Amino acid sequence: MWTLIARAAVLLITLPVHEYAHAYTAVKLGDPTPENQKRLTLNPFAHLDIFGSMMLLILGFGWAKPVMVDARNFKHPRRDMAITAVAGPLANVLMAFILLIVYKIIFFTIGINSVQMDAVLQVLGFMVRINLTLAVFNLLPIPPLDGSKVLGLFLPDRIYAYFVRYERIVMIVIFILLWFGFLSKPITFLSGKMLDVLLFITRPIDMLLG
């Protein structure tokens, strides 16, 4: 039950924040497309994909509608596209950091003194992990994931165009790999290392309250 509640929280908070970060960054860099398409909002219903939402609630991984960006509106298309792309995963890392702080404050000040408080901490912990998992997954340098836009900064135009051309096929392959668990270990390892960094950064809370 609590896992389902945590997944619903991810659906209504985490995914919209990720997409909003893309939209906000693109608009700030000169592309009005996200604002024109009413994606410059934290309203989850502006971002959610029906099938992706069902996948998240049932299987634990899913997706939102991607924010459309027109790179022709950027002063530096390749660079600004990469910055826009990386904004989403960075928003997830920032959210994980904030949620971890909340988790530690509750744990050290209130503790697990009831079933309800245990559930709150479980949901917070799950959201920390899923935010980091989403950040790592989206930073993979595989089209059409956000990391491929960063990779595009370093690839020749011809090779980058080849990547973009077959991104839908690549995405299908990615979901097959996810389905059969082939990407689970590397993603779990990298997100675990990222969590270790956040735990280290928030150690002053342990020392102050613990």
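The values are calculated or read from the model by the stated rules, or taken from the named source; none is laboratory data. No experiment lies behind these values; they were computed from the predicted model shown. Glycine also receives a Cβ, built like all others from the backbone with ideal geometry; neighbour counts cover every protein chain displayed.
Before moving on, here are some points about what is shown:
- Matching helices (runs of 4 or more DSSP H) fully within the range 111-210 where at least 2 residues are over 21 Å from VAL67 (Cβ atoms): 115-138, 157-165, 167-179, 184-201, 203-209
- Taking the criterion of being touching a Phe, Trp or Tyr at 6+ places or on another chain (Cβ under 9 Å) and either surrounded by 12 or more Cβ atoms within 10 Å (Cβ to Cβ) or at pLDDT below 75 (or both), the residues of the range 191-208 that qualify are SER191, LEU198, ILE201, THR202, ILE205, ASP206.
- All conditions but one from (1) under 20 Å from PHE137 (Cβ atoms); (2) touching a Leu at 6+ places or on another chain (Cβ under 6 Å); (3) crowded, with 21+ Cβ neighbours inside 10 Å apply to LEU11; the one that does not is (3).
- Verdict on LEU100 being buried (at least 18 other Cβ atoms within 10 Å of the Cβ), under 22 Å from LEU56 (Cβ atoms) and under 21 Å from the mean Cα position of the chain (by Cα): yes
- Lone qualifier among ASP196, ASP206, ASP157 - being among the acidic types (Asp, Glu), under 19 Å from LEU99 (Cα atoms) and without any contact (Cβ under 8 Å) to a residue 60 or more places away in the chain: ASP196
- Those residues of the range 63-93 which are under 23 Å from PHE137 (Cβ atoms), in contact with a Gly (Cβ under 7 Å, 6 or more places away or on another chain) and surrounded by fewer than 18 Cβ atoms within 10 Å (Cβ to Cβ), in sequence order: ARG78
- Enumeration of residues in the range 25-67 that are touching a strand residue (DSSP E or B) at 6+ places or on another chain (Cβ under 8 Å) and aliphatic (A, V, I, L, M): LEU48, ALA64
- Count - residues of the range 130-157 that are in contact with a helix residue (DSSP H, G or I) (Cβ under 7 Å, 6 or more places away or on another chain) and closer than 25 Å to LEU195 by Cβ: 19
- Checked against the criterion of being closer than 20 Å to ARG7 by Cβ, of a type in the set (A, V, I, L, M), surrounded by 14 or more Cβ atoms within 10 Å (Cβ to Cβ) and free of Cβ contacts under 8 Å to residues at least 60 places away in the same chain, the range 45-53 contains one or more residues that satisfy it.
- Test: residue in the range 60-80 that is out of contact with any Ser or Thr (no Cβ under 9 Å at 6 or more places or on another chain), in contact (Cβ under 8 Å) with a residue 24 or more places away in the chain and of a type in the set (A, V, I, L, M): no
- So ILE105, is it free of Cβ contacts under 8 Å to residues at least 40 places away in the same chain and not aromatic (Phe, Trp, Tyr): no
- Single match in THR41, THR84 (criterion: farther than 30 Å from ARG203 by Cβ, over 12 Å from the mean Cα position of the chain (by Cα) and in a helix (DSSP H, G or I)): THR84
Rundown of residues vs (1) at pLDDT 90 or above; (2) within 18 Å of LEU11 (Cβ to Cβ), yes/no style:
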{"residue": "MET81", "(1), (2)": "yes, no"}
{"residue": "ILE101", "(1), (2)": "yes, no"}
{"residue": "LEU124", "(1), (2)": "yes, yes"}
{"residue": "VAL128", "(1), (2)": "yes, yes"}
{"residue": "GLY147", "(1), (2)": "no, no"}
